[in-house]
Amino acid sequence: MTVDRTHRRPRRVWLCLGAFAATAAIVAALLVAKVPARANDLLLIYVGADDCAPCRAWQSGEGAEFRKSAEFDRIFYREVKSPRLRDVLNDEHWPDDIRAWRSRLKRSDGVPLWLIVSGNDVVAQRHGAAAWRASVMPTLRSHLR
């Protein structure tokens with residue numbers, strides 16, 4: 001009686017491929033589990049200038065604290081910074097992917113300025129040093145719940 005070994009090899013190959021696929025799925029699940037979910041694709045855009053004292057104060061104070069916070073890990077964050085306040089709306093300071101949001105700003109708007117974008121809607125637009133504590137952070141936190 002002869003044993004047909006041709007049927008054994010494909011079965012072994014399928015078993016190995018199945019084990020490999022299962023291992024890959026587990027590794028992928030573990031990697032994804034370590035990445036914090038972003039709440040509703042929430043985007044925070046900061047607009048400031050290097051020659052703006054309140055902007056520098058926010059960047060090194062509350063802004064630095066925020067960038068270390070758990071909330072920061074759950075949102076998308078972009079900065080628009082200009083060397084001079086008068087040039088803050090110029091194209092070269094606005095990345096292409098967020099340039100459309102610039103149309104919401106007026107030359108009379110002050111900086112530091114924040115836009116909170118959820119989906120395609122601006123849910124908050126505030127400027128001035130006091131606005132961060134009074135309005136921007138509370139709005140962010142309410143959207144992160």
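The values are calculated or read from the model by the stated rules, or taken from the named source; none is laboratory data. Computed from a predicted structure; not experimentally measured. With ideal geometry, Cβ positions are generated from the backbone for all residues, glycine too; neighbour counts draw on all protein chains shown. All accessible areas refer to the heavy atoms of the entire protein, side chains included, with ligands and DNA or RNA removed. Shrake-Rupley method; radii C 1.70, N 1.55, O 1.52, S 1.80 Å.
Residue count for segment 74-84 satisfying the condition of being within 14 Å of Leu44 (Cα to Cα) and open to solvent by less than 80 Å² (accessible area, probe 1.4 Å): 5. Looking only at residues of segment 130-145 that are open to solvent by less than 50 Å² (accessible area, probe 1.4 Å) and touching a helix residue (DSSP H, G or I) at 6+ places or on another chain (Cβ under 7 Å), we find that the one that is farthest from Ala57 (Cα to Cα) is Leu144. One residue is enough: does segment 36-57 have a residue meeting the conditions modelled with pLDDT of 95 or more, among the small types (Gly, Ala, Ser) and under 17 Å from the mean Cα position of the chain (by Cα)? Among the residues of segment 36-57, not one is modelled with pLDDT of 95 or more, among the small types (Gly, Ala, Ser) and under 17 Å from the mean Cα position of the chain (by Cα), which makes the answer no.
Among residues belonging to segment 85-127 that are of a type in the set (Lys, Arg) and loosely packed, with under 12 Cβ neighbours inside 10 Å, point out the one that is nearest to Leu144 (Cα to Cα). Walk me through it before giving the result.
We begin by selecting, within segment 85-127, every residue of a type in the set (Lys, Arg); these are 86, 99, 102, 104, 106-107, 126.
Subsequent filtering for residues that are loosely packed, with under 12 Cβ neighbours inside 10 Å retains 86, 106-107.
On the way: Arg86: 33, Lys106: 28, Arg107: 30 Å.
In this case the residue turns out to be Lys106.
Residues in segment 98-145 that are hydrophobic (A, V, I, L, M, F, W, C) and part of a loop (DSSP other than H, G, I, E, B): 2 in all.
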